[in-house]
Amino acid sequence: MKSLAFWLILTFFAYRMRCLSPLTMGLSLVALFAFFPVPHAFVVRSWVRMLRPRSLAVTELASSNVTDDAPMPLPLLDEDLGTATGWWQQGDLGSVIQKMARTRNAKIRLAAMMYYPQHHAAEEGILRLEPRKCDQDDAPGALRLGDQRMIDLGTLGYLGLTNSERYRRAIVEALDKYGATFCISPQWMRDPFALETTHLVETVFGRPAILAKSCSIATFHFFSSVIKYDPHVAVIIDADAHESLRDQATSLAQVEHSSVMRGMFDYQELEELVTKMKNLSGAKTIWYVADGQVSLTGEQIPVRPLLELQKRHPELWVFCDDAHGAGWSGKGGIGHAPELVLQEADTNAEGFAEEANRWVIATSFSKGFAADGGALILPDQQTKEFVELFSPFSRAMCARLPTADLAMIHEAMKMSLDGTIDHLQAELHERINYLHTAYRRHLKHLMDIPLEISCRPVLHIPLDMELDEVIRLVKELHNRGIFVAPTGPPAAAGLGLRLTVQPTTTHNDIDTFFTTIAELLERSVGKNT
């Protein structure tokens, strides 16, 4: 009887571990209850299969899991960094980065080289700034560094809604009606205000949507469900994709059965994407992951060329992070990429309706709309239900959008429907045109300026300077009351400045910046000659 009980328990355990099929399980029990002294041969073969489960993940795809240039998480322990946990706490941060730069691990050395300029710039006082509260006589939302009121050419509230009176009223009304938050896991109960707001988002975007606390968490919803559980998936990440996209995709690949390659190609050279896809012939689904608008340069994803490519390659799907395109572009602020995709999905004239339904878009309400939170825009209701079931954030986490954030999203969608957003976009485009005119007028004798500059509220000015020179330049701009965002690795290949404009940006603000930067650059050129 002991032998019988032993084999019964072991057989049941093997079945629970998915090493025995139901049929084999049944036959095993027949053999056991027939008082065989040892299990039948087919049972023995099943024990052998415990070393090689039948639910093995997919065949290895070409180029292994991650290419050499893909970012990888740093190990907690490395013999060159010390054998004790907490090596990152040993000494100040600068000395830790120096140790990382000397380690034999190429990935760690690369990370140290990429992030040291940020650390150095922060120590010099041009990054991670801490603005002070506005004075009573300042306009709402005014930016102050120290005692100085700044001209704001760096923040990302593209439509100037940061201090919208409509948002204030909507927040107060929602708090009175719904309370501060609705704290329970959504698998038990949905937030009634979130449901109402989601319905409004779906009305504006014309597709099923899932709200999230940020665009990055919306991306995680999708990566941790549809991509994670696809047994024949590969991911190609655009070289200019935001760091949060790269990290999520590559981290997933190291623990799951994905194959991730970073595409080192330009938006306008999509044939290189085809070359990458040929190296992933074992994948039945290939996701191209890219930004709808590159945050640094403002470059936009080429929707029509990608749709044409999808028609030739039905295995190709597109995941588009449109955080920087939302609000200021597209009808009602839905964004450049979603607008074009929805147009194709609604018409069969060009034959791209099927391809348009192979796009998934993560959008943000935190930049152009100046609200908070993000959303996942999905091609159909079944995909939405799949994500809600399998994503841990949408299924089991209590971290929800609070009522105040939902109120801003709700009001932003109402502004999309009543024409307010379209009116603000028109004001913004006037500022963008003036920005580009001033750029050419003041700096054409100091640098090469492209003949055509796309109409976007982001302007990147590359600087052929050393890091310390850029730091001195930005400090001088701050001293003169002008805030712009310095740029550098890993977001950009070189150093530079990123300017942004809003409807609240005046012509005088723009002229003041370009007059000042031209003077400082001419002085720098004079010193170097």
Name the residue from 167, 305, 334 whose Cα lies farthest towards the positive end of the charge dipole of segment 165-418, charges +1 on Cβ of Lys and Arg and -1 on Cβ of Asp and Glu. 167
Using R₀ = 30 Å, calculate the FRET efficiency as 1/(1 + (r/R₀)^6) where r is the Cβ-Cβ separation of residue 417 and residue 177; round to 0.05. 0.90
Gain in length, residue 101 to residue 155, computed as 0.36 nm per residue apart minus the alpha-carbon separation, to one decimal in nm? 16.2 nm
What is the extension gain from residue 184 to residue 142, computed as 0.36 nm multiplied by their sequence separation minus the C-alpha to C-alpha distance, in nm to one decimal? 11.4 nm
In terms of the alpha carbon gyration tensor, root eigenvalues a ≥ b ≥ c, rounded if a/c is under 1.5 and otherwise prolate when a/b exceeds b/c or oblate, segment 119-245 is oblate
In order through segment 325-332: 3J(HN,Hα) via Karplus (6.51 cos²θ - 1.76 cosθ + 1.60), integer Hz, x for Gly, Pro: x, 5, x, 7, 10, x, 4, x
Rounded, prolate or oblate: pick one for segment 315-354, where a ≥ b ≥ c are the square roots of the eigenvalues of its C-alpha gyration tensor, a/c under 1.5 means rounded, and failing that, prolate if a/b is larger than b/c, else oblate. oblate
Förster-model FRET efficiency, 60 Å R0, residue 427 and residue 113, C-beta, rounded to 0.05: 0.90
Classified through the alpha carbon gyration tensor (a ≥ b ≥ c as square roots of its eigenvalues; rounded if a/c is under 1.5, else prolate when a/b is larger than b/c, else oblate), segment 165-418 comes out prolate
Restricting to lysine pairs 8 or more places apart or on different chains, what number in segment 165-418 have Cα atoms under 25 Å apart? 24
Full extension between residue 284 and residue 89 adds, at 0.36 nm per residue less the Cα distance, a length in nm of 65.8 nm
Hey, for a label at residue 247 modelled as a point 7 Å past Cα toward Cβ, could you say which residues of segment 464-489 have their backbone N under 18 Å away? 488-489
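We did not get these values from a lab; they are worked out from the coordinates using the rules stated. Here the structure is a predicted model, which means the values were calculated and not measured. All Cβ positions, glycine included, derive from the backbone under ideal geometry; neighbour counts span all protein chains shown.
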